[in-house]
Every structure is written in C-alpha cells, then in structure tokens.
Amino acid sequence: MKSFKNKVAAITGAASGMGRTLALELARRGCHLALSDVNEKGLAETAQMAGKLGVKVTTAKINVADRDAVYAWADQVVADHGKVNLIFNNAGVALGAFAETVKHTDFEWIMGINFWGVVWGTQAFLPHLKKSGDGHIVNTSSLFGLLSVPTQATYNASKFAVRGYTESLRQELDMAKCGVSATCVHPGGIRTNIAKDAKMDESIQKATGNAEVARANFDKLLNFTSAESAALQILAAVEGNKRRVLVGLDAKFLDKLVRVLGSWYQPIVTAFAKRDMLG
C-alpha cells in the first residue's frame, strides 16, 4: 500500500493515544475512517478532529473482546463506506500483577482485549480486505512482546501471543498472494495513558507498599516516544510493507540487547525491577 488517499481504515482504541494519532495522520493523507473504542467521549473527540480534515468518519462503541460485536462492526464499516482497506487492531490495556497470584478474571480480561481483540479484528475484517484488492492488517504487540518483565506476566503473555499470531498470519498471506499483507507493531515507551489506566493487583500493593509507585515505574518505561511520532513510524512501515516495526529508540536498543544476550537479559531486567520495586 503506497498511498492512503481514498482508502478506508478501521482503527480500534481510537479514543486516545496511538489510535487517535493514527486516525489524524491518516485523515491528513485523505484516508476515510471507521473508529471504535469503549470510551465514547474520547472517540467523539477524535472523530470531530479527524472530520475537520475533510474525510468521512464513522464511529462505534466496541469492546474488542466481544467477538460478535467486532464482526458486526466490520460489516457495518463496509455498509457505511463501501469498502475497507486497513484494520489497525490497536486497542490495549495493562495489568500489574504477580504471575503466581493474578486473578483469573483479570487474566481473562487482558487477554480478551489485547489478544482476542486482535484475533477477532483480523478474522472479521480479512474477508473485506481481500475484496478491496489492496488491504493491510496492522496488529499492535509491544516491546513487551520481545522481552519479559516482572509483574507483567499477563501483559507479556498477551503481547507475545500477538507477535506469534501476526508473524504466522503474514506468512499465510504471503503464500496466498491475496492482495492483503500484515505488519506487527512493537512500540517501546509511547506517551499515552495506558500506564495511568492500568489495573494494579493488590499483590503489587503489598510488595511495594504503594500501587501508585508501581504505576509510576511502569509509566517511566512508557515515556520515550510521542504518540505522533509512533503513528508516523507505523504508517511508514505499512507503506514499506514491513513485517515488523520497532517504534522508538528504546524498542530498537532492547530488541538488539535481547538478540545479543539471549535469555541472559533476564537477570539484568530482574535487578532493575527489584531496585525499582523495593528501593
């Protein structure tokens, strides 16, 4: 996909952060938008901002963990716009919890949004993308889909799953030569609200004495690259049909570190995590 002009892009998690900046940058390039989020207020704000740029914008309140809702939305996007060329499976949440004691309901919650939301978005939109003749699937993993961090077992699990799923998907699309491709996005520290909105298990409270300390430490990891810069890097990767895009210098550096050290990166991360948690 060399141009976004007159294409139609569906974006989940569009109420803020990378979802919003992707929407606005695509609108500047003449791409029409179908936006979704559970945050209706933020979604309406994004839609209003994008609409001022002269493109058609539709919105829907969607919980991406709801398979039926995502499928119905995909059909509605085509009904509203006549086609769809891109799906950005961008919606995501975070959870701080120890692997031993994480509640199964919280684990199901984060997997439902971060992983199953990507799967449902891919499966629901792929037939429509094929019909467009020029389609692209953009799935958001994370730097934490490349390396693991203590207290982030559930987040790591969801993002490693997105990585594996998308890499396999890309290979299948290459084999099919169906006019659709896929890119896996690995953002490093992006300045969004994901850390501030993260759930914190009471086990974190007990370990740190203050869950807000853990939240602040997580936020520090996610404060290197602006959401606007991330959007530009992601769209450049789509234009270049990249299999993977590492967003931010921190993501690129840590990816190389893991490649060089292999599993020996883990004691280093553990030492830093212990220092931040226990002081």
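Since every read-out is calculated from the coordinates, none of them should be taken as a lab result. Since the structure is predicted, the reported quantities are computational estimates derived from the model, not experimental observations. Note that each Cβ is placed from the backbone with ideal geometry, even for glycine, and that neighbours are counted across all protein chains shown.
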* Structure fact -> Straight-line reach check, Lys159, cutoff 16 Å on alpha carbons, 8 or more apart in-chain or any other chain, hits among aspartates and glutamates -> Asp106, Glu108, Glu167, Asp255
* To do: With everything on Cα atoms, drop me the angle between helix 67-81 and the longest principal axis of the chain, reported from 0 to 90° to the nearest 10.
  => 40
* Do the sum for the chain: with -39,500 (n - 2.57) for every DSSP H run of n ≥ 4, divided by all residues, what is the mean residue ellipticity at 222 nm, to the nearest 500 deg cm²/dmol? -> -16500 deg cm²/dmol
* Structure fact -> Whole-Hz Karplus couplings 3J(HN,Hα) for the stretch 97-106, θ = phi - 60° and coefficients 6.51, -1.76, 1.60, Gly and Pro as x, run 6, 7, 4, 5, 10, 4, 5, 5, 5, 5
* Taking the chain as the reference, fit the longest principal axis to its C-alpha atoms, fit the long axis of helix 17-28 to the helix C-alpha atoms, and give the angle between the two in degrees, 0 to 90, nearest 10. => 30
* Which aspartates and glutamates does Lys103 reach when only Cα atoms under 13 Å apart count, and residues fewer than 8 places away in its own chain are ignored? -> Asp201, Glu202
* **Whether the stretch 1-80 is rounded, prolate or oblate, judged on the alpha carbon gyration tensor where a/c under 1.5 counts as rounded** => oblate
* Asked: How about Lys56: which lysines have a C-alpha closer than 27 Å to its C-alpha, ignoring those fewer than 8 places off in the same chain?
  -> Lys2, Lys5, Lys7, Lys41, Lys83, Lys130, Lys131
* **Label-reachable residues, the stretch 148-173, where backbone N falls under 12 Å from a point 7 Å from Asp106's Cα toward its Cβ** => 151-155
* Asked: If you put +1 on each Lys and Arg Cβ and -1 on each Asp and Glu Cβ, how big is the dipole of the stretch 77-154 around its Cα centre, in Debye rounded to 20?
  -> 280
* Asked: When all alpha-carbon pairs of the chain are counted, what percent fall beyond 23 Å?
  -> 51
